[in-house]
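Peer 1: I'd like to ask you about the structure that follows.
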Amino acid sequence: MVALAAALICPSLSFSKEPEHGKEAVRKPITVTSDSMEAYNKKNLVIFKGNVEAIEDFTLCSDELDVHYDDARQVNDIEARGNVRIFQDDRTATSREAVFSNKERTIVLTGDPQVKQCKDTVKGDKITIYVDQKNALVEKGSGGQVQAVIMPDKKDCPEEKRGAEKVNSEEARCKKPR
């Protein structure tokens, strides 16, 4: 039932890479699994609770995930709460909350957000990831500062994972504590 509901409400959701010049981005379906799902058709809302995994071009793990969509069943935004982890290739982002905007193609991380790539780490009060451009904006809050740790030695950085090996390893990461 969860897969059917996700297929019905999430057909336009994509975290796809930027399209090649003159071509539209190929949008993959997103697969959401969880311990339970609640659908509120009049509110255009589906809530996934418990051990949530959302998989497409990257993997998003959280305790709870709210999918907000419009009357045409197009996804507007997705809110993840509790133990949020996002994995893509050699990048990992963590926070207490994250909001994906389908229109803006951004993910905004709040609640002790940090992004790691290989051995490099960046932290702030709010991190905005621009999905298609693969850019990020790290902001400080009142009294805080942005912190970046950039390691000079990249020998231990894993090669980009592809295909089923990538998906399987990222799914396994959802099972591990933050």
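The values are calculated or read from the model by the stated rules, or taken from the named source; none is laboratory data. Keep in mind the model is a prediction, meaning the values are calculated, not measured. FYI the Cβ positions are ideal-geometry reconstructions off the backbone, even for glycines, and counts take in every protein chain you see.
Peer 1: Failed condition for Lys116, given (1) of a type in the set (Lys, Arg); (2) under 19 Å from Val32 (Cα atoms); (3) in contact with a strand residue (DSSP E or B) (Cβ under 8 Å, 6 or more places away or on another chain), with all others met?
Peer 2: The number of the failed condition is (2).
Peer 1: With respect to Arg73, determine if the residue is on the phi > 0 side of the Ramachandran plot and either in contact (Cβ under 8 Å) with a residue 40 or more places away in the chain or not in a strand (DSSP E or B) (or both).
Peer 2: Answer is yes for this residue.
Peer 1: Follow-up question, since we're still on this one. So, Thr94, is that one hydroxyl-bearing (Ser, Thr, Tyr), out of contact with any Gly (no Cβ under 8 Å at 6 or more places or on another chain) and over 18 Å from Val67 (Cβ atoms) or not?
Peer 2: Here the answer is yes, as Thr94 does meet what is asked.
Peer 1: Return the residues of the stretch 76-106 that are in contact (Cβ under 8 Å) with a residue 24 or more places away in the chain, β-branched (Val, Ile, Thr) and closer than 18 Å to Ile47 by Cα; say none if nothing qualifies.
Peer 2: Ile78, Val84
Peer 1: Take Gln88 and decide whether it is at pLDDT 90 or above and surrounded by 15 or more Cβ atoms within 10 Å (Cβ to Cβ).
Peer 2: It is false that Gln88 is at pLDDT 90 or above and surrounded by 15 or more Cβ atoms within 10 Å (Cβ to Cβ).
Peer 1: Right, something else. Could you tell me which residue of the stretch 25-56 is surrounded by the fewest Cβ atoms within 10 Å (Cβ to Cβ), considering only residues that are closer than 18 Å to Asn102 by Cβ, modelled with pLDDT of 95 or more and within 19 Å of the chain's Cα centre (by Cα)?
Peer 2: Leu45
Peer 1: So Gly22 ticks every box in (1) under 14 Å from Asn102 (Cβ atoms); (2) modelled with pLDDT under 95 but one. Which box is left unticked?
Peer 2: Checking Gly22 against (1) under 14 Å from Asn102 (Cβ atoms); (2) modelled with pLDDT under 95, the one that fails is (1).
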